[in-house]
Amino acid sequence: TWVPTAINQQPNSITDEEDLAGKGTFGSFTLKQLRTDALAPQSSNNCPSPVNIPVLAGAGVFRFSDGSLLTVRVNSGGLCIDLVNGVAHISESVQVTGGTGRFQGASGTLSMTGTVAPVFFVKDSNFQALMLMVTGEFSGLMYGSGLGDGGGE
């Protein structure tokens, strides 16, 4: 899920709290992330819609079932809103900044792609979404001493 917060990280932006869960190569995980998006759309070659919202900043913590943590920082990304179908397509580049347990000293770059759909919104002049659901995937490479052979996807 994805909800707006009262945090105001910078002018002309909105900060959202993401609470995600999944399962992958390193096992089951949850991801708690804060991300700040621009309020005004900007054009993008990767978004056919006129409504592309750039990601300005973000960071998060993956928590795995064994208690290990993996910290990340959002480098770049965008939310391409499909007005016809009422969904958005998200893509982000995420930098691994470290971790604990088996992710101690981890580094690498991950890509996140997914689809965002509204669950609940307020019918005001802006039709502001108050809760969104996110489905998608992370891919990429990580390196570190606790990752077995030193790398993984």
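The values are calculated or read from the model by the stated rules, or taken from the named source; none is laboratory data. No experiment lies behind these values; they were computed from the predicted model shown. Virtual Cβ from ideal backbone geometry, glycine too; neighbours counted across all protein chains shown. With ligands, DNA and RNA removed, areas are computed over all heavy atoms of the protein, side chains included. Shrake-Rupley method; radii C 1.70, N 1.55, O 1.52, S 1.80 Å.
Key figures
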read-out	value
Euclidean distance of C-alpha centroids, segment 65-84 and segment 17-56, integer Å	5 Å
Per residue solvent-accessible surface (Å²) - the chain, probe of 1.4 Å	55 Å²
R0 of 22 Å, Cβ-Cβ distance Ser111-Ala40: FRET efficiency to nearest 0.05	0.30
Max mean-square fluctuation residue, GNM over the chain, Cα-Cα springs under 10 Å, options Phe103, Phe64, Phe120	Phe120
Portion, in percent, of the accessible area of the chain that falls on carbon or sulfur, probe 1.4 Å	55 percent
